[in-house]
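Heads up, the thing below is written out as structure tokens.
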Amino acid sequence: SFPDSSNPHTTLPCCAVCLGRNPHRTVECAASRTWDNAFDVFAERIKKALWTKDGRQLCTAWQREEGCSSSQHGNKHLCSGCGLPDHGAQRCPRSQKT
């Protein structure tokens, strides 16, 4: 599910939990702090779903670069990295830069 890491020009997407770009599966990320240890993580994976620490389910598609166009669950459109509604994890200022 990751791009070809043997290509030095390939940029990995950031993890929706720790916001790091090191190769690992987001669904298995159990980090308690962001990639740079600067923040507590805002969200966690529970049974493959993405949840805030206070129990709200997040839209996983919203965390992708292309986002989510559904208007059926806008309350789930929060960044898994910081909780703001105007971007997902891939555009979060806290994410590891490319």
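Couple of notes before you dig in:
- Residues with amide H under 5 Å from that of residue 58, placed H, sequence gap 5 or more: 50, 51, 52
- Exposure proxy ranking, count of Cβ atoms within 10 Å, fewest first, for 80, 69, 95, 32: 69, 32, 95, 80
- Range in the chain, longest, excluding exposed trypsin sites (Lys or Arg not before Pro) [loop by DSSP; at most 10 other beta-carbon atoms within 10 Å]: 49-96
- Taking other C-beta atoms within 10 Å as the exposure proxy, 19, 84, 50 rank 84, 50, 19 from fewest upward.
- Gyration tensor verdict on the stretch 11-59 (Cα atoms; rounded if a/c is under 1.5, prolate if a/b is larger than b/c, oblate otherwise): oblate
- This ranking places 17, 41, 27 by how few other beta-carbon atoms lie within 10 Å of each, fewest first, which gives 27, 41, 17.
A short reminder: the numbers here are calculations on the coordinates, not readings from a lab. Here the structure is a predicted model, which is why all the values come from computation and not from measurement. Reconstructed Cβ throughout: ideal geometry from the backbone, glycine too, with neighbour counts over all protein chains shown.
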